1. Give Tyr371, Tyr346 a once-over and let me know the one that is assigned to a loop (DSSP other than H, G, I, E, B), of a type outside the set (D, E, K, R) and at pLDDT 95 or above.
2. Scan the stretch 73-89 residue by residue and report those that are under 18 Å from the mean Cα position of the chain (by Cα) and in a helix (DSSP H, G or I).
3. What's the number of the only condition in (1) more than 18 Å from the chain's Cα centre (by Cα); (2) crowded, with 18+ Cβ neighbours inside 10 Å; (3) more than 20 Å from Gly105 (Cβ to Cβ); (4) hydrophobic (A, V, I, L, M, F, W, C) that Ala418 fails to meet?
4. For residues that are under 17 Å from Ala94 (Cα atoms) and touching a strand residue (DSSP E or B) at 6+ places or on another chain (Cβ under 7 Å), tally how many sit in the stretch 40-78.
5. Considering only strands (runs of 3 or more DSSP E) fully contained in the stretch 137-185, which possess at least 1 residues that are under 30 Å from Cys359 (Cα atoms) and at pLDDT 85 or above?
6. Kindly indicate which of Lys384, Lys405 is surrounded by fewer than 21 Cβ atoms within 10 Å (Cβ to Cβ) and within 13 Å of Tyr346 (Cα to Cα).
7. Restricting the search to the stretch 342-370, which residues are under 21 Å from Met26 (Cα atoms) and polar (S, T, N, Q)?
8. Considering only residues that are crowded, with 19+ Cβ neighbours inside 10 Å and over 16 Å from Lys206 (Cα atoms), look in the stretch 293-313 and name the one that is nearest to the chain's Cα centre (by Cα).
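The values are calculated or read from the model by the stated rules, or taken from the named source; none is laboratory data. Not measured: the values here are computed from a predicted model. Here the Cβ positions follow ideal geometry from the backbone for every residue, glycine too, while neighbour counts run over all protein chains shown. Side chains are part of the model used for accessible areas, which takes the heavy atoms of the whole protein and leaves out ligands, DNA and RNA. Shrake-Rupley method; radii C 1.70, N 1.55, O 1.52, S 1.80 Å.
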Amino acid sequence: MQWNWPLPSALPITASNGKKWNFLLMVGDDWPLDMFSEMPTFNSTYASGFIVFPNAVSEIPLCFPSRASTYTGQSARYTTVTNNDSGETYSVEALYRTVHTSLQGAGYHVGFVGKVYNGLGEAGAGGFGDLPWHHPGVNYMSGQWDAPDYFDWVELQSDGTTTSHGTTDTNTTGTDYAVDVERLRALTFLSGVPTGKPWFLTWASKGCHQGNHGGGEPEPPSRYASTNVTLTEDPKTFGVDPTSLGIPDWAANDAEVPWDSTAIDAIRTSHRLALRVTRAIDEGLCAVLAQIEARGETENTIIMVMCDNAIGMGELRMAGKGNPHKSGTDVLLRVKVPGISGNTCYAPVCNYDIAPTICALAGAVPAVTPYGMSFHSLLEDVNKPWREAAFMINPDRSPTFYGLKFGGNPGAVYYRIAAGGGNTPSTGGWTDLAQSVNVDIPGAAEILQTLEDSVS
């Protein structure tokens with residue numbers, strides 16, 4: 001099934017000042033589910049104008065696969081990125097067919113700030129030629145290499161040179177702390193946009209991922225190291241044995257074991273630190289939004305704030321990703337379109353819908369037919385007809401599964417555990433996460449077939 005691509009003149013949403021849309025796409029890293037509760041400036045100043053997508057999901061809830069699908073609009077079956085070590089195959093094909101190359105081809109000034117894809121040349125895993133490298137389709141690049149660090153990391157610039165950052169937070173201009181540097185570089189990008197050119201900036205923030213090369217805890221800047229935060233913990237899932245909730249065996253297999261007071265305290269510590277990192281993200285995002293306003297571009301700038309995947313911080317006692325539960329599949333998507341009031345859209349959108357949406361609104365033609373769909377019509381009317389479910393897949397992490405995310409309030413994830421991964425495969429129909437037995441979903445087979453047929 002081929003999606004008909006709308007011409008610029010056919011788009012239902014246009015800027016009131018007649019200018020082309022600018023785009024800020026912020027893609028955070030491992031945000032906790034209550035991320036926005038610790039963004040006081042954003043909440044008091046900007047949040048009310050955003051459309052919230054509570055049923056937005058990631059096709060594969062893992063950093064590199066999620067980002068590859070977000071930037072290309074393609075399923076992992078096209079990008080071939082199914083884990084963080086898939087750099088070699090991605091660099092050959094999909095890296096040249098991103099939303100960045102599409103918008104640059106449409107006349108946009110394109111920037112990329114922050115975390116570069118996991119596994120693409122990091123620690124000898126895969127790679128794109130000889131590093132450092134310049135992302136195709138990007139005019140201004142300030143990429144954080146060696147992404148798991150908040151300090152002591154290498155910054156890649158557009159001319160291929162690198163800058164090494166220090167190991168301490170200066171707490172003055174923030175030149176060593178990753179999220180602060182991201183803010184500074186985003187502002188630098190805006191100041192360098194050629195007069196009269198539309199722009200597109202991807203801000204791939206490092207926060208709130210854990211530090212120390214993938215281990216350890218999220219690391220806030222020193223000014224927020226002692227901030228008190230209020231935890232939002234669901235007593236039905238935090239510290240509860242999942243079997244008592246009727247959760248199937250795979251949940252118990254993937255849980256933190258033993259789930260004792262030490263384990264609970266560790267998860268809560270990580271949660272607090274992530275929310276303290278959020279304060280720096282709040283500062284940075286609001287500074288960039290204020291600069292857009294100062295440039296007189298609020299009227300024609302679309303803001304998309306999302307994460308690669310979410311972390312439940314205790315939900316079903318699973319600290320890891322790759323599970324078909326709420327925290328693993330969420331992307332916490334919020335979108336602001338000037339002239340359109342804030343609202344809530346319960347449609348099941350997926351991260352592979354982001355690139356098609358941006359291209360549609362920009363009047364840019366993707367290099368290849370996207371697997372995802374543009375949801376620009378939902379921005380104008382959150383109740384517009386939409387697909388019944390978004391397809392998800394997890395081929396490499398235990399448990400391996402196929403999933404369908406249905407919309408509604410509340411939405412629902414249905415899944416089938418596939419053979420492999422050390423878990424018992426599902427039999428019969430699909431399973432709701434709130435049930436212990438398989439259930440049949442009317443039309444599920446047809447929905448999956450339509451989704452499969454849509455892959456070009």
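1. Checking each option against the conditions leaves just Tyr346.
2. Listed by number, the residues that qualify are Ala76, Thr79.
3. Among (1) more than 18 Å from the chain's Cα centre (by Cα); (2) crowded, with 18+ Cβ neighbours inside 10 Å; (3) more than 20 Å from Gly105 (Cβ to Cβ); (4) hydrophobic (A, V, I, L, M, F, W, C), the lone unmet condition for Ala418 is (2).
4. Qualifying residue count for the region: 5.
5. Hits in the stretch 137-185: 140-145, 154-157.
6. Lys384
7. Selection gives Asn343, Thr344, Asn351, Thr357.
8. This residue is Met304.
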